[in-house]
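Bear in mind that the values in this text are calculations on the coordinates, not laboratory data. None of the values given here were measured: they were computed from a predicted structure. Positions of Cβ are generated from backbone atoms using ideal geometry, with glycine treated the same way; all protein chains shown enter the neighbour counts.
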Amino acid sequence: MAASTTVPDPRTPVRENSTNSANESEGSYRHLYVVVEHDDSNLIPVTLEMLGEARRLMDIFNARYSSTEKVVAIVLGVNIKKLCEELVYYGADAVICVENPNLRYPINLIDTKVISQVARDKVCASKVSPEYSEEFKKPRYMFFSADNVGRHLSSTVLAELESGLASDINKLVIEDLEIKHEHKTKGQLARYEKTLEMYRPDFSGFLWTTILCLDNRNPAIQREYHPQACSIIPGVFAPLQRDPARTGIIVDFSPELDQADKSVKVLNRQITKSPVDFDSHKAVISFGRGIKDSPEDNIKLIVELANELNAEIGVSLPISKRPYSVREPVSSLYMNSDRVIGTSGRKVAPAVYVAIGVSGAMQHIAGMKESGFVIAINADANSPIKDECDIFIRGRMEEVLPVLIEELKKQKQVMEVHK
Amino acid sequence: MEIAELMASPLNLAVIVKLEPDFSEGSVSYNSDGTLNRAETKSILGPHSAIASAAAFYAKVKYGAVISVATMGPPIADSALQQAQLISDADSLHLYSDRIFSGADTLATAEVLKTGIKKMEGTGKMDIVFSGHRASDGETGQTGPQTAWKLGYTFLGNVICYDVDIEKRILTAKRLITLQGTPDVIEEIEAPLPVFITVDPSYRSVFNTVSLRLASVKYQKEAEQRAQNYKNYLKIFNAQQLEVDPKFVGLPGSPTIVYKVERIPKARASRRAEVIDGLDQQQLRRVAEKIHEIVGRVVNQ
């Protein structure tokens, strides 16, 4: 790397000390650990997506810093040997395999203990790479999935490891940063090397917040915060091509469990069907804040269109927060989180996708971009959805929908006559 | 005899809530670029906090539980406590308010909440703590589980219903697990108390006997009276009264910082749209034909 531009100022010995201490800690935090999610040995796609991104980041990292830090996958479960090999084919340098009958299903209490044990284990780290094992304390970076299991697991593991966590990340960059922060650096400029920039879209989908996990260099509150960890939105990063020629090591780990850890028991698991079913419909219609002028009447029109196309109905995230007062049961039926399409909801890929009054925030696009043919109806000709659709109908839905429904009905009659 | 024993040692519950922007019509204000206008938006008890309060009320009706509601926030956050009391018929309200708490990330927030709940434990062992699924503004969903871990309680997320075996001190719950690309699963799980629960948005309390419904009405009435005089139930703690270490709360206790906020750059257009005038019936006819064509084609496959 280029020489540091932050030559310590002799008048501020405090900062010099803190910079030194940061360098000393450098060897204690190594590698990128990825916490694998699987459902009874079937990999959840986000696992491969995380591995893909981890591989890309660490390849750049190692080239840039002339180091050999690893992508390390952690897997908990029963009968997971085959799965461990797969993880190597998808980019892991090492897989820490924790095979134990108590780990069959994700249970937060026991999984948190085991993952924290792995994260702190020097023997594990030495098997992953003898090079850095002496001073190893904890991973440098850690990835979890931002779903129903990983969101909670990441929280509890990082509470145990006492470090920082950013949630729902969709872009990652490793950078050397010059930081001046009231608390972290006591207002002084300090250099933080190999810092993970974690980009998080906010709930509106229009703003990107970059979160950093930084050591406190300020002597009054001095503390090391590693790993730098985040949970990653499923469906965002691309997995690598499976490559059976890729090699890596598999490390077995025996966790230390006590009786209390086993006191939480899964009694039963049953597959349930959400009343909202995007997958078996060829058409999906979604609506967003554009319904605002007459929410109830517009939803009625949308339902009519959906009936006409035998489509399932989805919504954008803001709608699930019920921003408009609409009579029950319309609101509970349609304005709920079960129907959200996007990064904080479901991902859909129907043959036809009709977005009505949806502006097209990135979060929403991520949930529908794989759709076959996309039609958008929007009064605002500049809304971002225009770049994500095949036909953009510029107009107010109050005017467009009745005509479109009428046309669909007419044509259906014609088609039926022809049959 | 048994009842007397239960009366002597009812369940002790805590609910952690949050004052959040009100996303409902007339309260929420958006900037012209689609982002939230925080200055113009009103604040209320967060919707998921409301569900957590309802989940605690269930145990009040069913087991006669004693409920404390807590929040960390500025003095005006007491309105969230009042609203939560109206839902849960809480017996006490706790506000953790100190300038040094502000700017906290989830870990530093969890530190304050943990300390607060530990303080409640001084008056009797805590059995269940509830919190919302996630805040509607921050949306990390991390604070609940992190507080649970710091307390050393078993954490159960996405709970859709629960019951307690008071004698055995075991809680059974159903949880909804949704994972990418797999069918949703409802899991039944048991855990010894104390337990920390975050409620799933689909949580609903069911009072399925006459006596439960009557009890529910009775406590609702009590809740209305209490919430009118909520200040009588309110205790406010600053950092010193809570006895938290300033190094572990607020900005100094937060491992993470917000480095920058930017508009998400417009992605390169992934499709090239044909623009149609919404008032042109001819054009809309073509759209309808196109839809029929695609949907029909898929049907035939």
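At a glance:
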{"quantity": "Radius, Kirkwood style, for chain A when every pair of distinct Cα atoms is counted (Å)", "calculated": "24.1"}
{"quantity": "Calculated FRET efficiency for the pair residue A:300/residue B:118, C-beta based, R₀ 41 Å, to 0.05", "calculated": "0.20"}
{"quantity": "Degrees between helix B:78-88 axis and first principal axis of chain B (Cα, 0 to 90, nearest 10)", "calculated": "80"}
{"quantity": "The stretch A:283-418 - Debye-derived log10 I(q)/I(0), Cα point model, q = 0.14 Å⁻¹", "calculated": "-0.57"}
{"quantity": "Three principal axis lengths of the stretch A:134-174 [C-alpha, angstrom, descending]", "calculated": "35, 25, 13"}
{"quantity": "Those residues of the stretch A:71-94 whose amide nitrogen sits under 19 Å from the label point placed on residue A:245, 7 Å along Cα→Cβ", "calculated": "A:86-93"}
{"quantity": "The stretch A:25-263 shape via C-alpha gyration tensor axes, a/c threshold 1.5", "calculated": "rounded"}
{"quantity": "Burial ranking of peptide ranges A:360-367, A:126-133, B:17-24, A:344-351 (average Cβ count within 10 Å, highest at the top)", "calculated": "A:360-367, B:17-24, A:344-351, A:126-133"}
{"quantity": "Packing rank of B:207-217, B:273-283, where each peptide gets the mean count of other beta carbons within 10 Å, highest leading", "calculated": "B:273-283, B:207-217"}
{"quantity": "Cα-only radius of gyration and Dmax that characterise the stretch B:236-299, units Å", "calculated": "28.3, 72"}
{"quantity": "Residue-averaged 222 nm ellipticity for chain B, from DSSP H runs of 4+ at -39500 (n - 2.57), nearest 500", "calculated": "-11000 deg cm²/dmol"}
{"quantity": "Neighbouring partner chain Cβ atoms per residue of A:354-366, average, 10 Å criterion", "calculated": "1"}
{"quantity": "Calculated P(r) tail over 34 Å for the protein assembly as shown, as whole % of Cα pairs", "calculated": "51"}
{"quantity": "Computed log₁₀ I(q)/I(0) - Debye formula, equal Cα scatterers, no solvent, the stretch B:2-248, q 0.14 Å⁻¹", "calculated": "-0.93"}
{"quantity": "Spin-label model distance (nm) - residue B:213 vs residue B:269, 7 Å beyond Cα toward Cβ", "calculated": "6.0"}
{"quantity": "Shielding by partners - mean other protein chain Cβ count within 10 Å, residues of A:156-169", "calculated": "6"}
{"quantity": "Kirkwood Rh and Cα Rg combined as Rg over Rh, evaluated for the stretch A:270-358", "calculated": "0.94"}
{"quantity": "Per-pair calculated FRET efficiency, R0 = 25 Å: residue A:126 and residue A:162 via Cβ, rounded to 0.05", "calculated": "0.60"}
{"quantity": "Rounded to 5, percent antiparallel among DSSP beta bridges of the protein assembly as shown", "calculated": "40"}
{"quantity": "J(HN,Hα) series, the stretch A:327-343, from Karplus relation 6.51 cos²θ - 1.76 cosθ + 1.60, nearest Hz, glycine and proline x", "calculated": "4, 5, x, 4, 5, 6, 6, 10, 9, 9, 5, 4, 9, 5, 9, x, 5"}
{"quantity": "For A:389, A:124, order by how many other beta-carbon atoms lie within 10 Å, fewest first", "calculated": "A:124, A:389"}
{"quantity": "Degrees between helix B:47-63 axis and first principal axis of chain B (Cα, 0 to 90, nearest 10)", "calculated": "40"}
{"quantity": "Cross-link table A:138/B:118; B:114/B:235; A:113/A:262; A:171/B:260; B:150/B:247; A:122/A:262, entries beyond 19 Å C-alpha to C-alpha", "calculated": "A:138/B:118; A:122/A:262"}
{"quantity": "Listed residue (A:318, A:34, A:46) projecting farthest to the positive dipole end of chain A, Cβ model", "calculated": "A:318"}
{"quantity": "Cβ neighbours within 10 Å from other chains - mean over A:257-270", "calculated": "4"}
{"quantity": "In sequence order, calculated HN-Hα J values of the stretch B:138-152 (Karplus, 6.51, -1.76, 1.60; Hz; x Gly/Pro)", "calculated": "x, 6, 7, x, 9, 4, x, x, 5, 5, 4, 5, 5, 6, x"}
{"quantity": "Whole-number percent relative contact order across the stretch A:307-363, with pairs defined as alpha carbons under 8 Å at least 6 apart", "calculated": "33"}
{"quantity": "Protection-proxy order for peptides B:251-263, B:232-244, A:368-380, each taking the mean of Cβ atoms within 10 Å per residue, highest first", "calculated": "A:368-380, B:251-263, B:232-244"}
{"quantity": "Long-range amide H partners of residue A:356 with built H, under 5 Å", "calculated": "A:286, A:287, A:288, A:377"}
